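Since the structure comes first, as structure tokens, the remarks are kept for the end.
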Amino acid sequence: KILLSLLLVTSGLAYSFEPILGRDYSLLENPLPIKQDGKVEVLEIFWYGCGHCYAMESKIKAWNKTTPEYVSFKKMPVTWGAIHRLHASVFYTIDSLKYDKDLHAAVFSTIHNERNFLASEQAVNKFFNKLGIQSSDVSKYLNSFGIKQKVKRSIELTKQFKVDSVPMIIVDGKYKVAARDTALQTVDYLVEMQKSES
């Protein structure tokens, strides 16, 4: 009976979780205009080299598989310094390559499990070559005008959102979610709150 009571209390607490403004999330000082397209955009800002982002990756993938159809999930690489911008170019190159393997997971793995930090274009090319992707294909995208424009946009948003740590989750360009254990519960709460405005 005691165990059952504890289980009920614990599940009740989890169920009644209500995020608190100022603790679990905050309003962005300079929000993006809401697109009014019927979608609530959830944007994860991350860096391949961040251990917390690596730990978050499996959780956010699992979460994304269960989201309602009115949720649009995207990722954006942070762009603080030269290494972040190189990794941002890698991120957008992977998206452009449209390869059938999970190359994002491979980047996380080589950095955190093999200690290959992909700190130069040469290292990036070697990494892709090992996966069977030609240097010419990588170079075509990595330094292309299109990728540079995407990195430039990431730089602008990194500044606009005042990204001071990663991972960070932005809901509908309006709310910034703190990287706590309850982050995804907070995101779910904000999505439901925001969906009538999107």
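The values are calculated or read from the model by the stated rules, or taken from the named source; none is laboratory data. Treat the numbers as computed from the prediction; the structure is a model and nothing was measured. As a convention, Cβ positions derive from the backbone with ideal geometry for all residues, glycine included, and neighbour counts pool all protein chains shown. We work out accessible area using only protein heavy atoms, side chains counted, and drop any ligands, DNA or RNA first. Shrake-Rupley method; radii C 1.70, N 1.55, O 1.52, S 1.80 Å.
Here are some notes:
- The apolar share of the surface of the range 4-143, taken as the fraction of accessible area on carbon and sulfur atoms (1.4 Å probe, ligands and nucleic acids excluded), comes to 56 percent.
- Summarising the strand pairing of the chain, around 55 percent of its internal DSSP beta bridges are antiparallel.
- Check: the chain dipole with +1 on Lys, Arg Cβ and -1 on Asp, Glu Cβ, in debye: 460
- Over the chain, dividing the summed -39,500 (n - 2.57) contributions of all DSSP H runs of at least 4 residues by the number of residues returns a 222 nm mean residue ellipticity of -16000 deg cm²/dmol.
- Listed residues Tyr54, Tyr70, Tyr175, most fluctuating in the chain (Gaussian network, C-alpha, under 10 Å): Tyr70
- Its alpha carbons considered, the chain gives a radius of gyration followed by a Dmax of 18.8, 67 Å.
- For the residue pairs Lys61/Lys130; Lys150/Lys195; Lys130/Lys159; Lys74/Lys159, the alpha carbons lie more than 23 Å apart in Lys61/Lys130; Lys150/Lys195; Lys130/Lys159.
- Alpha-carbon radius of gyration plus Dmax, which is the widest Cα pair, for the range 103-198 in Å: 17.6, 48
- The residues of the range 72-198 expose, per residue, 50 Å² of accessible area to a 1.4 Å probe.
- A 1.4 Å probe over all protein chains sorts Lys150, Lys35 by accessible area into Lys35, Lys150, starting with the largest.
- Most to least packed among 73-80, 62-69, 85-92 [average Cβ atoms within 10 Å]: 85-92, 73-80, 62-69
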